[in-house]
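Working notes, structure below.
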Amino acid sequence: MLVDGLVPHDLITKAIQQVNDLAREKRYGDVGSQGVFGDFAIGTELMARIGLDADTNVNTTRRLLTLFESVSVFNDGVRGRLIGQLLERYCTDYDPRSGRSNIDRVNVPRFLLNDLIRYWRTMAVDFGAKQWRSVRTDWHLRYVKLLTTRKVLFAGSLMTLLRTPDASSTSQDERFAELLRYLRVEMDRTPLGRLMAAHPDLTDPGKEGLAAVLEAYERLVSLLLVTGTRKLLSENPDGNPSQRATEVQKEALELAESNSGRPGSGLLR
Amino acid sequence: MEGRPELEESVVAVAQAHDLDLSALEEVAKRSERELSDFRRQLRLDEVIFGQIGVVLTGSFRTQGGHGHLGL
């Protein structure tokens, strides 16, 4: 839940309660044990605390997910304003109002690129940390998600930034505005859509690699659509899982890792 | 629009270029669209009273319900 400005505390608690009640009613399940989801975030905190010690793991996660994969279900304007402010903050190096005498020509918004890469590395490292500390037995499911949905989030967002078009205007103000417009539109697309948008720009091996990713993703989603698959994936592979669970875990892992042995396979490794 | 497949044009274009069947992804897209539509309808927050509060879902959250694969 995003809070825009100073809001009375009772409204915050009422809103959180209603959202979480509805999520429970709809059986969305646990929102995680790290305190990232199912709670409120202050827009200014997300925008102003990028980097340094105050940018906690929770703050980074909320900021990057709001930017790259969120969808609004109440008060679209709050999300829209926050995303606009986040992008301005990330792109301040290219803002003529920043006071810099030598404004960079925009090829890739590097501040945002570095934060995205940092977030991906954080996800991968945190997976290892959770696996070490957790007594839960669902590491198979989490690993499959890391290799698929999380990796597509990263790769699709990376593609958006690497494909930043050359601004056509000679005006610094207009170039900055073009950059913000491009990124703003991209933030409303899905990570998978942003990733596949690179297809026309790639050579044949790259195209084949992208198709292999999409095919493996489709097959994995097909497997997950079968009732009970998630439960089977959550059975402890290091314990004594059922034969069916072992089969499903093996198949899911093979699909999740399958892009590593295909043409153009370097794409998502 | 409820029930409308929400696969992006870029995804469909890759599938067509490589002759891929995306029926599972289309199914998840339809479910996601229905789920989002229901959530918006059922969340009874007054937009005037709660005007400075926005609610967003992320793929990670909705993956719990089986609908997060597209990051919709």
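The values are calculated or read from the model by the stated rules, or taken from the named source; none is laboratory data. Keep in mind it's a predicted model, so treat the numbers as computed, not measured. Glycine gets a Cβ as well: all are built from the backbone with ideal geometry, and neighbour counts include every protein chain shown.
General remarks:
- Of the residues in region A:147-160, none is more than 10 Å from chain B (Cβ to nearest Cβ) and more than 19 Å from the chain's Cα centre (by Cα).
- Any hit, region A:46-59, residues being surrounded by fewer than 16 Cβ atoms within 10 Å (Cβ to Cβ), of a type in the set (V, I, T), under 30 Å from A:K151 (Cβ atoms) and more than 9 Å from chain B (Cβ to nearest Cβ): yes
- Scanning region A:1-25 for residues that are in a loop (DSSP other than H, G, I, E, B) and within 7 Å of another protein chain (Cβ to nearest Cβ) yields A:M1, A:D4, A:G5, A:V7.
- Count - residues of region B:1-31 that are at pLDDT below 90 and under 15 Å from A:G193 (Cα atoms): 8
- Within region A:177-205, considering residues that are of a type in the set (D, E, K, R) and more than 7 Å from chain B (Cβ to nearest Cβ), the one nearest to A:S72 (Cα to Cα): A:D188
- Hey, A:R97 modelled with pLDDT of 95 or more and under 30 Å from A:V7 (Cβ atoms) or not: no
- Those residues of region A:40-96 which are under 24 Å from A:N107 (Cα atoms), part of a helix (DSSP H, G or I) and of a type in the set (D, E, K, R), in sequence order: A:R63, A:E69, A:E88, A:R89, A:D93
This table checks each residue for (1) closer than 30 Å to A:K250 by Cα; (2) out of contact with any Gly (no Cβ under 9 Å at 6 or more places or on another chain); (3) not in a helix (DSSP H, G or I).
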{"position": "A:V125", "(1), (2), (3)": "yes, yes, no"}
{"position": "A:A129", "(1), (2), (3)": "yes, yes, no"}
{"position": "A:R142", "(1), (2), (3)": "yes, yes, no"}
{"position": "A:K151", "(1), (2), (3)": "yes, yes, no"}
{"position": "A:D166", "(1), (2), (3)": "no, yes, yes"}
{"position": "A:L179", "(1), (2), (3)": "no, yes, no"}
{"position": "A:R184", "(1), (2), (3)": "no, no, no"}
